[in-house]
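What follows is one structure encoded as structure tokens, with my remarks underneath.
No value in this document is a laboratory result; all are computed from the given coordinates. Since the structure is predicted, the reported quantities are computational estimates derived from the model, not experimental observations. As a convention, Cβ positions derive from the backbone with ideal geometry for all residues, glycine included, and neighbour counts pool all protein chains shown.
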Amino acid sequence: MNFVLPIRIAQLILALLVLGTSAYVASSYNHSPSEINFLVFTSIWTLLALIYLSLTSWKLERFAHPWIICGVESLTMLFWFAGFIAAAVFLGDLTTCAGKACGSAKAATVFAAFEWVLFAVTTALAVMAVLGRGRSTKAAPNTMGA
């Protein structure tokens with residue numbers, strides 16, 4: 001059974017949750033913090049990466065090079081790690097944190113941490129497929145998506 005599809009669905013849902021909550025926080029500030037802006041960027045990047053990863057594993061296998069898939073997975077995982085760490089540090093340095101925007105920022109940070117974990121799993125699967133420790137490297141693109 002291919003368990004990557006439920007992970008991809010969870011990644012999509014979490015990316016949309018982080019996008020919504022961090023965009024709300026960004027709209028609450030006159031000059032939104034760069035940490036929150038980075039979460040917005042990472043969410044949009046993830047949506048684009050998921051489109052690529054899903055399409056290349058289902059319909060466009062000729063565009064699915066195992067090393068490119070590994071690179072997209074790794075870069076996205078690093079973005080989520082940097083994003084949730086930066087947001088957590090930002091929230092930890094605030095002297096007062098109250099209201100809906102603060103609660104949304106905390107929620108975005110927690111969702112981002114879970115997103116990082118999911119991308120760490122799929123990145124590990126991609127690396128194992130490229131190195132031949134998962135399924136055969138010829139079938140590597142199909143192990144990334146559906």
> By residue number, which cysteines of the chain lack any other Cys whose Cβ falls under 4.7 Å from their Cβ?
Replying inline: Cys70
>> Can you classify region 4-144 as rounded, prolate or oblate using the Cα gyration tensor, where a ≥ b ≥ c are the square roots of its eigenvalues, rounded means a/c under 1.5, and otherwise it's prolate if a/b beats b/c and oblate if not?
In response: prolate
>> Taking R0 as 25 Å, what FRET efficiency do you get between Ala124 and Val89 from their Cβ-Cβ distance, rounded to the nearest 0.05?
In response: 0.45
>> Using Cβ counts within 10 Å as a stand-in for footprinting exposure, how do Ser104, Ser28, Ser34, Ser57 rank, fewest first?
In response: Ser34, Ser28, Ser104, Ser57
>> I'd like the orientation of helix 66-93 relative to the chain: the angle between its Cα long axis and the longest Cα principal axis, in ° from 0 to 90, rounded to 10.
In response: 20
> Relative contact order, percent, of the chain when contacts are C-alpha pairs under 8 Å separated by at least 6 residues?
Replying inline: 37
>> Just to be sure I follow the definition: excluding the sites themselves, where is the longest run in the chain that has none of the trypsin sites (Lys or Arg not before Pro) in a DSSP loop with at most 13 other Cβ atoms within 10 Å?
In response: 60-132
> What ³J(HN,Hα) values, in whole Hz, does the Karplus curve 6.51 cos²θ - 1.76 cosθ + 1.60 give for region 111-126 when θ = phi - 60°, with x put for Gly and Pro?
Replying inline: 4, 5, 5, 5, 5, 4, 4, 5, 6, 5, 5, 5, 5, 4, 5, 5
